[in-house]
Structures are given as structure tokens and as C-alpha cells.
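The values are calculated or read from the model by the stated rules, or taken from the named source; none is laboratory data. This is a predicted model, so every value here is computed, not measured. Backbone-built Cβ (ideal geometry, glycine too); neighbour counts: all protein chains shown. Quick note on the areas: whole protein, heavy atoms, side chains included, nothing else; ligands and nucleic acids left out. Shrake-Rupley method; radii C 1.70, N 1.55, O 1.52, S 1.80 Å.
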Amino acid sequence: MGKLTIGCFPGLVGNMSYDFALKLAEAAKDKGHDVDVWFSGNATGSIAAGQKHLKDYSTAEQHLTRLMEKGVKFCTCEACSVARGVKKDSSIEGVIWNAMHWYLGSIHGADRVLQIGGE
Amino acid sequence: MGDVSCAFVVQKPQYKGETSRLAITHAISYQTVEILLDDGDTVTPTLNFIGEGVLGLSQSQKAMENYGITSTENHMMNCCLVDLEVNVCKEDLEKYGIDPATLPDAEEMGADVSINVVPMADIKAKIDAARHVLIF
């Protein structure tokens, strides 16, 4: 089995690319691959804990939690996160906080990289 | 595993979006990735500007005055200071009427490298040679 690294930059609300990234991550994990997901840019707004699932809006918390239980690693860009007012102590438990070199480090060991650009 | 090459390709204009800036900062982070890797392992990026990505690379930017953020010019100078290979598409500079002489330079700050203005064919070759391609 291989390793897939996904760079996810789009926001949770406003487009479907974020949803695609998570669904792809889950499909790859279900096939037995290792999967790392790097959140940067607007995607980092999705790691706030306590998201209320209003039915008119996408939510990420339940999906991220489920995927982490399956073994998918999520890492958020600390600078992008705090710039959006997302704080570590009020973010989803299990999400890694690091800097951009985490993404490059994951890329180094990846068989495939999918960069999903954002806004 | 040794060295892994990555081609960062910027095709969006600076300031209009966040990701074109993030391409630059992610590429620069190759300088510190080794703390996460085994001895001897490295990541070598190239940073390539094509299409509208060549916009906003000129000198004398007033980003702090106008937007309250650091300028792309500063980031490009930082690229030179950390020996990052930066390639800007010659044909696209001509298309937008940008004089290559107006691109940022960090020579006075002690940089050993400068921004390369190269034909698109050379950028395609960089992309072909890279193990991973990241398009912003």
C-alpha cells in the first residue's frame, strides 16, 4: 500500500473542493493507504471545535473526527489558523498543529500528492 | 529516500487571493523541513510563475500601506536569500508588458541567487523533472 498526501486549501463553505478532499482521503484510507491531509488557507477554518450542524451549511467536525478514528492524519497550518481566530485549545481534538514544512515533510514520503488549491 | 523535487507553479495573481502567496511561503519552508526528515533526506523546490502569476512581482510595492500586509516583493527577496530557485515565464512577462529589470532582487542584501526569467519551455522542463507538482 502507498501513501497519499493531500494539500487542502479551499474553505469548508463556498465550494465543493473541501468535500472532495475529505471523500478522497476516506476512499484512499478504506483501500488501505496511508493518508495525510494538510490544511492551509481557508481550509484551516474547518478545524474549530463545537461546530453546529445547521442543515443549510456544510460541517467538518464529524467527518474529521471519523476519519481520524480511521487513521487519517490532519495537520493545520498554525499561522493560517490563528489568523482566522481559530485557537488550538478550542479546535478539534486530534488535529495536528504545525508549520508549512510539515506539508513538505509529508510530501517527501508520499507516493502521490494531490494539491487542491483554494480561493 | 534522498532528495524529493517539487515544482510549485503559481498561476494566480498576488493579492487577489491567498493561495498565490501561500505557494511562496510553502516553497520557502524547504529550509526547515529537514528537522522532520531522516538524515540525508531533503526536499528541493522550484517556484515557477506563469500566466497571471507573473503579476505583482514588481519592485516598490506598497502592500503594507495599502493592505496592511507584507509585500510579495519582500517574499521574493526572501526566496533569493534562502537560495530558492525562482523562475518567471518570459513570454507571460512580455504579454503583460512587464520589464524583467523591474523584478525584485536581493543582491544588496547578500543573496547569491536572483530570479530567473526563462522561456515557458524551460518551466515545462522543470515541471517534467519534478517528482511532485503543486499548482496554485
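With a 1.4 Å probe and all protein chains kept in place, how much accessible area does A:V82 have, in Å² rounded to the nearest 10?
90 Å²
Top to bottom by accessible area (1.4 Å), largest first, where do B:I123, B:I69 land?
Of B:I123, B:I69, the descending order of accessible area is B:I69, B:I123.
I want to verify a result. In a Gaussian network model of chain A, Cα cutoff 10 Å, which of these has the top mean-square fluctuation: A:D34, A:D56, A:D89?
Among A:D34, A:D56, A:D89, the largest GNM mean-square fluctuation belongs to A:D56.
Given a 1.4 Å probe and heavy atoms of the protein chains only, how would you sort A:W102, A:W38, largest accessible area at the top?
Final ranking, largest accessible area leading: A:W102, A:W38.
For the protein assembly as shown, list the cysteines whose Cβ sits under 4.7 Å from no other cysteine Cβ?
A:C8, A:C75, B:C6, B:C79, B:C80, B:C89
Given the protein chains as shown and a 1.4 Å probe, how many square angstrom of A:F20 are accessible, to the nearest 10?
Using a 1.4 Å probe on the heavy atoms, I get roughly 110 Å².
Which trypsin sites (Lys or Arg not before Pro) in the stretch B:3-72 sit in a loop by DSSP (not H, G, I, E or B) and have at most 14 other Cβ atoms within 10 Å of their own Cβ?
Here the trypsin sites (Lys or Arg not before Pro) that fit, given the DSSP loop and packing criteria, are B:K16, B:K62.
Find, to one decimal place in angstroms, the Kirkwood hydrodynamic radius of chain A, where the mean of 1/r is taken over every pair of different Cα atoms and then inverted.
Roughly 14.1 Å, rounded to one decimal.
Does anyone have the angle between helix B:120-129 and the longest principal axis of chain B? Alpha-carbon axes, 0 to 90°, nearest 10?
20 degrees
Carbon and sulfur atoms: what percent of the 1.4 Å accessible area of chain B do they account for?
Carbon and sulfur: 49 percent of the exposed surface of chain B.
Considering only protein heavy atoms, with the full assembly of protein chains and a 1.4 angstrom probe, order B:K124, A:K23 by accessible area, largest first.
Solvent-accessible surface, decreasing: A:K23, B:K124.
Can you send over the solvent-accessible area of A:H108, 1.4 Å probe, protein chains only, in Å² to the nearest 10?
10 Å²
Taking A:K88 as the anchor, which lysines have their alpha carbon closer than 17 Å to its alpha carbon, excluding any fewer than eight residues away along the same chain?
Filter leaves A:K73.
On a 24 Å Cα-Cα criterion, which of the cross-link pairs B:K95/B:K124; B:K16/B:K95; A:K29/B:K126; A:K23/A:K52 come out too long?
Pairs exceeding the cut-off: A:K29/B:K126.
Amide H neighbours of B:N48 under 5 Å, at least 5 residues apart or on other chains, H built in the peptide plane: list them.
Correct list: B:F8, B:V9, B:V10, B:N87.
Using the Cα centre as the reference, give the magnitude of the dipole from point charges on the C-beta atoms of the stretch A:3-116 (Lys, Arg: +1; Asp, Glu: -1; all else neutral), rounded to the nearest 20 debye.
With Lys and Arg at +1 and Asp and Glu at -1, about 60 debye.
From the phi angles alone, apply the Karplus equation (6.51, -1.76, 1.60; θ = phi - 60°) to the stretch A:112-119 and give each ³J(HN,Hα) in whole Hz, x where the residue is Gly or Pro.
Values, residue by residue: 9, 10, 10, 9, 9, x, x, 6 Hz.
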